[in-house]
Ligand code: GLU
C-alpha cells in the first residue's frame, strides 16, 4: 500500500502572506487532501531578529480565511511537534553532534570579512562563489583549543568531493547536480542557531513529510539538503519546485501588479473563493475549465498538471473569479458588502438587485448611494442621454409614478406616451434615475428607491430638458 502523503507549508513569519506563498500553501494542502493525506503548518522562525508573533497570527488567520486547515501546527500540537522551529533547538543540536561525530561537519572559524574577500576573489575569477576551504583541514587539537578560547565558530557540512546528486522533481522532472559545485555550507551559525538548510531538512524528516512543494527559488538548496539527510541516514522527501509567479509584464510579481498580500485582498473585499479559483490555475492546469468548488479543487488537483512555465498573475482574471464568487455567495458571506446606508430590512432585496453588477464592496456602495443617497454629478454623456429623452418622456414617467405604477407599468405608460421602445426608451430613464448609462436592472432599483425619490429625479431630468430647449 502506498503511504498517504504528508505535506507541509513552512513559512518564515517575517511579513504578510503573499500570493506566491499562498499558492504554495494551497498546492501543498491540495496535494495532501486529494489523497486523504496530512497537511502540516511549520513556522520557520529561526531568524529571531526578523520573525514576529504578529506575522504568525496573520499567517494563521490568512490560512483559516482561505480554508486551508492543518492537521498539526501551532495551536494544534502533536507528538511530532513543536511546530515552531524556535522551540526545536535541542533536536538540531543532537543532529549536529551526530554529524560532527561522523566527521560530516566541522567547525569553521572564518570571519565574515575573510569569507567576503574569498567570495569576491572567486567572482572576479568567474567562479561560482562557495566556501573556499581552510577550516576543513584544521587538526582536532587546533579546533579544541580555539573552541576552548571561545573563538566564534559556525558548523559546516562537509560536501563529498565528487558525487552526483540525482532526484526526480515533481514539477521539473529528473535533476542532477555535481557535488563539486556546491561548497561546504553552514548548518549552524556562529550564534548557535540552526541555518535554514539544516533546520528545514531535519524537520521534514522528523515530521515524516513525504512531499515538499515549494518555490523555485529553493532549487539550489535541494541537493544540499539531500546530502545532509543522507549523512544522517534520513530519507529525503520528494521535492517539487513551483515556477515563479510573475505579473502580466513577465517581471516577478509585486504590489505594482495589483497583487497585494492575501490580507490586503481580503480587506479590499475579495472573497476567498475568488482567490482560490485564481491560485488553483497559477502553474496548475485543471482538467476541467471554469469555476471549481472546494470539493472540485480537491478532487481535480493533479501534481502532474503542475507546469514549469512562469505562472502569470492577471488582475483581470482575479476580478473575473471575484464576479463569479459574488454571484455564488450566500447572503451571509455578502453581508459585509452591504453599506450602512441600506436599511436593515432591505439588505436582502438590495443584494438581490445589485449582485450581478458588483465585484467589490466599493461597487455596492456606489449603487447604495444611487438608491438611497444623492446622485453623483452627471458626466456629459449622461447629460446628453437625459436630454435625448425630452421633457414629455419624464412627465409621462412622473405621472405613472403618481398613479402608483411599478416598473413594467411605468415603462408601458412611457412607451404609450412617447412611442419609444428598446434602448431609446430605457437609456434616458436609466440616465435620469441613476446618472449612469449602465448598471443593475432598473426595476428592482426603482422598487428600492421608492416613488418619491424617483419622481424627484424625473422632475430634475424634465427641468434639464426644458432648460436646454429654452
Ligand atoms: N521558510 C522557507 C520559505 O519560506 C521554506 C521553504 C520550504 O518550503 O522548504 O521559503
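According to the Kirkwood expression over distinct Cα-Cα pairs, how big is the hydrodynamic radius of the chain, in Å?
About 26.9 Å, per the Kirkwood formula over Cα pairs.
Could you give P(r) for region 192-340, binned at 10 Å from zero, as whole percent values over all Cα-Cα pairs?
10, 30, 29, 21, 8, 1, 0
What number, in percent, do you get for the relative contact order of the chain if the mean sequence gap of Cα pairs under 8 Å and at least 6 apart is divided by its residue count?
Relative CO of the chain lands at 12 percent.
Pairs of alpha-carbon atoms within less than 8 angstrom and 6+ residues apart define the contacts here; what relative contact order does region 292-361 have, in percent?
Relative contact order here is 35 percent.
For region 83-106 and region 427-470, what is the separation of their Cα centres, given in Å?
Taking the Cα centre of region 427-470 as reference, the centre of region 83-106 is 74 Å away.
So for region 336-405, what percent of the C-alpha to C-alpha distances run longer than 18 Å?
56
Ranked from highest to lowest mean number of other Cβ atoms within 10 Å per residue, what is the order of the peptides 31-43, 294-306?
31-43, 294-306
Taking 7 Å along the Cα-to-C-beta vector as the label spot, tell me the residue 281-residue 330 distance in nanometres, rounded to one decimal.
2.7
With r defined as the distance between the Cβ atoms of residue 168 and residue 119 and R0 fixed at 30 Å, what FRET efficiency is calculated, to the nearest 0.05?
Numbers: r = 32 Å, r/R0 = 1.08.
It comes to 0.40.
How many angstrom separate the Cα center of region 1-71 from the Cα center of region 131-150?
Answer, in whole Å: 39.
Computed FRET efficiency, Cβ-Cβ of residue 288 and residue 406, R0 35 Å: what is it to the nearest 0.05? Each step should come with its number before you reach the end.
Working: r = 42 Å, r/R0 = 1.21.
Rounded to the nearest 0.05, the efficiency is 0.25.
Place a label point 7 angstrom from the Cα of residue 356 along the Cα-to-Cβ direction, then list the residues of region 422-461 whose backbone nitrogen is under 17 Å away.
Zone members listed by number: 422-423, 426-427, 430, 437-448.
Working out 0.36 nm times the residue gap between residue 384 and residue 158, then minus their Cα-Cα distance, what length gain in nm do you get to one decimal? Could you put the intermediate results ahead of the total?
Numbers: separation 226, 0.36 × 226 = 81.36 nm, distance 7.88 nm.
Extra length available between residue 384 and residue 158 comes to 73.5 nm.
Once you have the Kirkwood Rh of region 232-295 from its Cα pairs, apply Stokes-Einstein at 20 °C and 1.002 mPa s and quote D in µm²/s.
148
Which value in deg cm²/dmol, rounded to the nearest 500, describes the helix-derived mean residue ellipticity at 222 nm for the chain, given -39,500 (n - 2.57) per DSSP H run of n ≥ 4 and division by the residue count?
One gets -14500 deg cm²/dmol as the mean residue ellipticity at 222 nm.
Output the Kirkwood hydrodynamic radius of region 168-223, Cα pairs only, in Å rounded to one decimal.
Details: mean 1/r = 0.0768 Å⁻¹.
So the Kirkwood estimate lands at 13.0 Å.
What is the distance, in nm, between label points placed 7 Å from the Cα along the Cα-to-Cβ direction at residue 415 and at residue 304?
For the pair residue 415/residue 304, the computed spacing is 5.8 nm.
Can you tell me the relative contact order of region 351-470? Whole percent, Cα pairs under 8 Å, sequence separation 6 or more. Working shown, then result.
Working: 122 pairs, mean separation 45.7, N = 120.
About 38 percent, as a whole number.
At a Förster radius of 25 Å, what calculated FRET efficiency corresponds to the Cβ-Cβ distance of residue 181 and residue 233, to the nearest 0.05?
With R0 = 25 Å, the Cβ-Cβ based efficiency is 0.55.
What does the highest-first list of 158-171, 418-431 look like by mean Cβ count within 10 Å?
418-431, 158-171
I'd like the distance separating the alpha-carbon centroids of region 242-262 and region 339-359, in whole Å.
Centre-to-centre (Cα) distance: 33 Å.
Using the per-residue mean of other Cβ atoms lying within 10 Å as a proxy for protection, in what order, highest first, do the peptides 198-205, 342-349, 9-16 fall?
Packing proxy ranking, top to bottom: 198-205, 9-16, 342-349.
At 0.36 nm per residue, and after removing the present C-alpha to C-alpha distance, how many nm does the segment from residue 220 to residue 111 gain when stretched out fully?
36.8 nm
Read the figures in this text as sums done on the coordinates, not as results from a lab. Please read all numbers here as calculations on a predicted model, not as lab measurements. Reconstructed Cβ throughout: ideal geometry from the backbone, glycine too, with neighbour counts over all protein chains shown.
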